[in-house]
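Where a number appears in this text, it was derived from the coordinates with a stated rule and is not lab data. For clarity, every value in this text was computed on a predicted model and none was experimentally measured. Don't worry about glycine lacking a Cβ; one is built from the backbone with ideal geometry, like all the others, and counts go over all protein chains shown.
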């Protein structure tokens with residue numbers, strides 16, 4: 001069985017359970033010299049192979065992924081007592097996939113993606129907000145086009161661990177590792 005089907009089921013349970021932000025995941029990347037970096041991003045898609053998220057391609061995370069296209073994520077759902085960790089190579093999503101996701105984002109988020117030089121120094125948040133307001137006024141009801149410097153990534157899962165909280169800290173851990181043609185599974189001690 002594909003463990004990403006289990007991930008999807010757990011994600012759906014977390015969504016139904018009232019978790020405030022079930023798609024919030026910590027994303028770890030590393031620069032070309034190995035310097036690690038971690039931040040929270042939103043999970044925006046689950047396929048049979050990959051986990052999708054979106055960002056500015058000029059951001060620190062995207063620059064690190066270009067130099068070292070491997071990453072790890074961790075999602076924690078405290079109300080369910082569950083955590084999922086995944087690792088693997090990262091690939092850019094197609095322009096059509098990025099366009100489709102961008103088109104369904106709230107208009108304010110689209111405008112913010114256009115005006116924000118993500119991860120770059122700015123004069124002030126007030127100046128950036130003013131720029132966003134100016135763009136919104138100029139755009140009127142015209143659709144906002146996805147900028148070429150913004151789009152998606154897919155973390156192609158090669159290792160995934162499911163953790164369930166247990167009594168007396170005897171947590172259940174089940175890891176799945178993708179070989180060339182199949183998944184192999186093993187239990188880990190807590």
Restricting to the stretch 54-89, what's the tally of residues that are assigned to a loop (DSSP other than H, G, I, E, B) and more than 19 Å from residue 4 (Cβ to Cβ)? 8
Restrict the check to the stretch 93-113 and report whether at least one residue is part of a loop (DSSP other than H, G, I, E, B), touching a helix residue (DSSP H, G or I) at 6+ places or on another chain (Cβ under 6 Å), within 22 Å of residue 23 (Cβ to Cβ) and touching a residue at least 60 places away in the same chain (Cβ under 8 Å). no
Scan the stretch 81-131 residue by residue and report those that are surrounded by 16 or more Cβ atoms within 10 Å (Cβ to Cβ) and more than 17 Å from residue 56 (Cα to Cα). 82, 83, 84, 85, 86, 87, 88, 131
Residue 187 is checked against (1) assigned to a helix (DSSP H, G or I); (2) touching a strand residue (DSSP E or B) at 6+ places or on another chain (Cβ under 8 Å) and fails just one. What number does that condition carry? (1)
For residue 155: the one exception among (1) farther than 24 Å from residue 54 by Cα; (2) in a strand (DSSP E or B): (1)
Could you please let me know if residue 60 is closer than 28 Å to residue 111 by Cβ, crowded, with 16+ Cβ neighbours inside 10 Å and without any contact (Cβ under 8 Å) to a residue 60 or more places away in the chain? yes
Do the conditions hold for residue 147, that is, is it in contact with a helix residue (DSSP H, G or I) (Cβ under 9 Å, 6 or more places away or on another chain) and assigned to a loop (DSSP other than H, G, I, E, B)? yes
Residue satisfying condition, being touching a strand residue (DSSP E or B) at 6+ places or on another chain (Cβ under 8 Å) and touching a residue at least 60 places away in the same chain (Cβ under 8 Å), within set 55, 79: 55
Inspect the stretch 4-20 for any residue being free of Cβ contacts under 8 Å to residues at least 24 places away in the same chain and under 27 Å from residue 113 (Cα atoms) and give the result as yes or no. yes
